[in-house]
Amino acid sequence: MSEQSESASNVLGTPLESCCMNPVTGYYRNGKCHTGPGDYGLHVICVEMTDEFLRFGKARGNDLITPQPQFQFPGLVAGDRWCVCLQRWIEALKAGCPPPIYIKATHISALEFVDLKELKKYALDWEEPAS
């Protein structure tokens with residue numbers, strides 16, 4: 001069964017929210033960080049691009065800056081939202097340059113590799129409830 005279904009959850013256990021429709025992101029190009037068969041990169045983390053992360057990815061062979069019209073890919077700039085590969089985000093985390101994330105648009109499968117507490121540290125759409 002594909003995780004592309006509308007019932008997919010985010011890392012908080014609530015319905016997966018859209019990451020971005022302009023440019024249209026996601027492995028299935030539906031705006032959401034769904035995953036399923038064939039998504040070997042696990043494009044499950046919704047991030048807000050930073051110049052540092054874009055340069056980091058390009059240096060590792062994942063050029064998200066250069067437009068690729070043949071794939072309807074406009075190229076990304078700082079501030080764009082995009083579903084990125086889980087391992088690339090983890091690499092950036094270890095290198096000290098993880099881009100901020102949208103936790104409500106990050107697929108629950110990310111929890112198989114990254115602790116929720118760690119994800120919350122980088123979330124733009126999360127605040128710890130007042131105690």
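Read the figures in this text as sums done on the coordinates, not as results from a lab. None of the values given here were measured: they were computed from a predicted structure. All Cβ positions, glycine included, derive from the backbone under ideal geometry; neighbour counts span all protein chains shown.
Table for the structure above
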{"quantity": "Dipole magnitude of the range 1-100, debye to nearest 20 (Cβ charges: Lys/Arg +1, Asp/Glu -1, about Cα centre)", "calculated": "200 debye"}
{"quantity": "For the range 108-116, 3J(HN,Hα) per residue [Karplus equation, 6.51 cos²θ - 1.76 cosθ + 1.60, θ = phi - 60°, Hz, x = Gly/Pro]", "calculated": "4, 5, 4, 5, 6, 10, 10, 5, 4"}
{"quantity": "Dipole of the chain [Lys/Arg +1, Asp/Glu -1 at C-beta], most positive-end residue of 72, 9, 47", "calculated": "72"}
{"quantity": "The chain - percent relative contact order, Cα under 8 Å, separation 6 or more", "calculated": "30 percent"}
{"quantity": "R0 of 41 Å, Cβ-Cβ distance residue 21-residue 94: FRET efficiency to nearest 0.05", "calculated": "0.85"}
{"quantity": "Under-5 Å amide H pairs with residue 73, H placed in peptide plane, nonlocal only", "calculated": "68"}
{"quantity": "Fraction of antiparallel bridges per DSSP, the chain only, in percent to nearest 5", "calculated": "90 percent"}
{"quantity": "Label of the coordinate-derived value, Cα extents along the principal axes in Å, listed as (1) 100, 41, 27; (2) 41, 41, 36; (3) 47, 35, 23", "calculated": "(3)"}
{"quantity": "Stretchable slack from residue 127 to residue 112, in nm (0.36 nm times residue separation minus alpha-carbon distance)", "calculated": "3.2 nm"}
{"quantity": "Residue-span extension gain [residue 30 to residue 55] - 0.36 nm each, minus C-alpha spacing", "calculated": "6.4 nm"}
{"quantity": "16 Å Cα-Cα reach of residue 121 towards lysines, excluding residues that sit fewer than 8 places from it in its own chain", "calculated": "94, 104"}
{"quantity": "Rough spin-label spacing in nm, given labels placed 7 Å along Cα→Cβ, for residue 9 and residue 65", "calculated": "3.9 nm"}
